[in-house]
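The values are calculated or read from the model by the stated rules, or taken from the named source; none is laboratory data. Computed from a predicted structure; not experimentally measured. Note that each Cβ is placed from the backbone with ideal geometry, even for glycine, and that neighbours are counted across all protein chains shown. These accessible areas exclude ligands, DNA and RNA; they are computed on the full protein's heavy atoms, side chains included. Shrake-Rupley method; radii C 1.70, N 1.55, O 1.52, S 1.80 Å.
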Amino acid sequence: ARIEELIVTAPWRRKGVGRELVKRVLDRARVLSVKQLEVVTHLGRADFAREFYRACGFVEVDAAVLRRT
């Protein structure tokens with residue numbers, strides 16, 4: 001499975017909204033027996049997104065692609 005876009009508007013950032021969205025995706029992926037989940041982020045946002053997704057348990061596998069198995 002793949003997360004193509006995950007955007008939290010500025011007023012809601014750093015309040016746990018993004019982390020909750022990722023948690024819900026992971027919960028649903030488990031129910032569906034998804035073996036691998038990838039996130040594709042835009043290179044312009046890559047630095048910020050990398051740290052966020054790493055904190056959510058993803059590892060970088062390619063430029064702007066992070067995976068969680």
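So here's what we get for this one:
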{"item": "Options (i) 78; (ii) 205; (iii) 89 - which one matches volume of the Cα convex hull per residue in Å³ as calculated here", "result": "(i)"}
{"item": "Debye, to nearest 20: dipole size of the chain, +1 on Lys, Arg Cβ, -1 on Asp, Glu Cβ", "result": "320 debye"}
{"item": "Over the chain: helical MRE at 222 nm, DSSP H runs n ≥ 4 each giving -39500 (n - 2.57), nearest 500", "result": "-11500 deg cm²/dmol"}
{"item": "Accessible carbon and sulfur surface of the chain relative to its total accessible area, %, 1.4 Å", "result": "54 percent"}
{"item": "Karplus 3J(HN,Hα) series, Hz, for the range 17-31 with 6.51 cos²θ - 1.76 cosθ + 1.60 (x for Gly, Pro)", "result": "5, x, 4, 5, 4, 5, 4, 5, 4, 4, 4, 5, 4, 4, 4"}
{"item": "Amide proton proximity set for residue 3, modelled H, under 5 Å, gap of 5+", "result": "38, 39, 40"}
